Amino acid sequence: MKLAKLNCLLSGLISSSIRVPSSSCLGSTIAGTRSCQTKAAPSVDKNSLSKLRKQTGYAFSNCRKALLMHDNDFDKALEWLKAEAAKEGWAKAGKLQNRPMSQGVVGVMTTPNSALMLEVNCETDFVARNTKFLELVSNISHICFTSLQTSQSSKVPLSTPELSSVTSVTNETIADIVAKEVGSIGENLRATRAIYMSVDSPHSRLANYIHTAGLNQNCLEIEGCKFGKYAGLVLLNGDVNQEDSHIHCLQIAQHVVGMNPKTIGAVEEETSETLESSSLSPEDTATHSADTKQSDGESRLLFQEFLIDPDLTKQWLEERNLSVADYVRFAVGEEASS
């Protein structure tokens, strides 16, 4: 009897201590859990992400971060990425600024009446062959060409500081553009120099020649900008509109690149040398001629043997009624070694 009462008492205590939640309460709890589990994470518009990546070349993770920060606003994300890239690029450029740059390319852009040559340097030949680097050269060349085509001068040379301050249509300086690519490419880079030339006479012609050996032969031109290790611009006057004259002008530009004359020279110099030579004895004449050839004779364009003809360049030009008014020659790395 006592045992039965004890069992009854224990049973009541257990029943009162265990509370089973109602079905409505259980439903509420489960629904709440499901709500937490299925809460949507912030999403990125795939089209914007792909476009941003393609336009900037930055990592997908950075492009995604930019879009998330700006609620998929493409323009704001792009602006933020450029600002961050510039900061990182300038920081890296500061660390690399003392590293030598003897490699690179010369970019050349032309129209029938104007031309631009621009040298951009890097540290290694590997980067000089890189498409991303060549795209940078093309971009800078387009910016300079657009800016200088409004110039009133027919010849505009640009040094490194002058070139760095040229501004694009988006208000970026070339210095900023190069700095961003330093951060991306990972080498010291520099837009070193440029020259712009134009003509406005029907009796004048600009000719150019580009030597491409040593470059990426699968990428010798991007959007009208051609690349080379050596390049020359020549301004010629005379019968520049005759048949084959464009070939003759090209051959003179090729001569400038290949023979690297230091000056044009002048016919008056030949007359003066002839008179001086006639007053010397035969022995002195031979010595004088040898000394002239060894010193400055071969550095004058007009008195050099023409690259593709045994005649002197002066004679070759006279036969074709052409004259050289000006020329410029660029060789990659010569500024660094001078």
Given (1) at pLDDT below 55; (2) under 48 Å from the mean Cα position of the chain (by Cα); (3) of a type outside the set (A, V, I, L, M, F, W, C), index of the condition residue 278 fails: (2)
Number of the condition not met by residue 273 [criteria: (1) at pLDDT below 90; (2) in the same structural domain as residue 209 (by TED's automatic domain parsing)]: (2)
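Taking the condition at pLDDT 70 or above, surrounded by 14 or more Cβ atoms within 10 Å (Cβ to Cβ) and within 25 Å of residue 181 (Cα to Cα), does residue 59 pass? Please lay out each step first, then the result.
Numbers: at pLDDT 70 or above: yes; surrounded by 14 or more Cβ atoms within 10 Å (Cβ to Cβ): no; within 25 Å of residue 181 (Cα to Cα): yes.
No: the conditions fail for residue 59.
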Cross-chain or 6+ apart pairs with Cβ under 7 Å, the range 134-149 first and more than 19 Å from residue 197 (Cα to Cα) and in contact (Cβ under 8 Å) with a residue 40 or more places away in the chain, then buried (at least 23 other Cβ atoms within 10 Å of the Cβ) and among the aliphatic types (A, V, I, L, M): 134/105; 136/120
Selection within the range 298-307 - buried (at least 18 other Cβ atoms within 10 Å of the Cβ) and in contact (Cβ under 8 Å) with a residue 40 or more places away in the chain: 301, 304, 306
Pairs where the first residue, in the range 70-95, is not assigned by TED's automatic domain parsing to the domain that holds residue 183 and the second is modelled with pLDDT under 75, C-beta under 6 Å, 6+ apart: 81/56; 81/58
Restricting the range 215-241 to residues that are free of Cβ contacts under 8 Å to residues at least 12 places away in the same chain and either within 26 Å of residue 320 (Cα to Cα) or of a type outside the set (Asp, Glu) (or both), the residue that is surrounded by the fewest Cβ atoms within 10 Å (Cβ to Cβ): 218
Selection status of residue 250, in a strand (DSSP E or B) and more than 15 Å from the chain's Cα centre (by Cα): no
Selection within the range 199-214 - of a type outside the set (S, T, N, Q) and either outside the structural domain of residue 128 (by TED's automatic domain parsing) or touching a residue at least 40 places away in the same chain (Cβ under 8 Å) (or both): 199, 200, 205, 206, 207, 209, 210, 211, 214
Single condition residue 168 does not satisfy, out of (1) touching a helix residue (DSSP H, G or I) at 6+ places or on another chain (Cβ under 7 Å); (2) at pLDDT 95 or above: (2)
Residue satisfying all of: in the range 308-319; surrounded by fewer than 19 Cβ atoms within 10 Å (Cβ to Cβ) and either at pLDDT below 90 or in contact with a strand residue (DSSP E or B) (Cβ under 8 Å, 6 or more places away or on another chain) (or both); nearest to residue 120 (Cα to Cα) among these: 308
Elements of type strands (runs of 3 or more DSSP E) in the range 109-214, at least 2 residues being buried (at least 23 other Cβ atoms within 10 Å of the Cβ) and in contact with an Asp or Glu (Cβ under 9 Å, 6 or more places away or on another chain): 114-122, 190-198
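Rundown of residues vs (1) under 29 Å from residue 258 (Cβ atoms); (2) among the polar types (S, T, N, Q), yes/no style:
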site: 138; (1), (2): yes, yes
site: 142; (1), (2): yes, no
site: 172; (1), (2): no, no
site: 175; (1), (2): no, no
site: 183; (1), (2): no, no
site: 190; (1), (2): yes, no
site: 194; (1), (2): yes, no
site: 198; (1), (2): yes, yes
site: 208; (1), (2): yes, yes
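The values are calculated or read from the model by the stated rules, or taken from the named source; none is laboratory data. All figures in this text were calculated on a predicted structure; none of them were measured in a lab. Cβ coordinates were reconstructed from backbone atoms using ideal geometry, including for glycine residues, and neighbour counts include every protein chain displayed.
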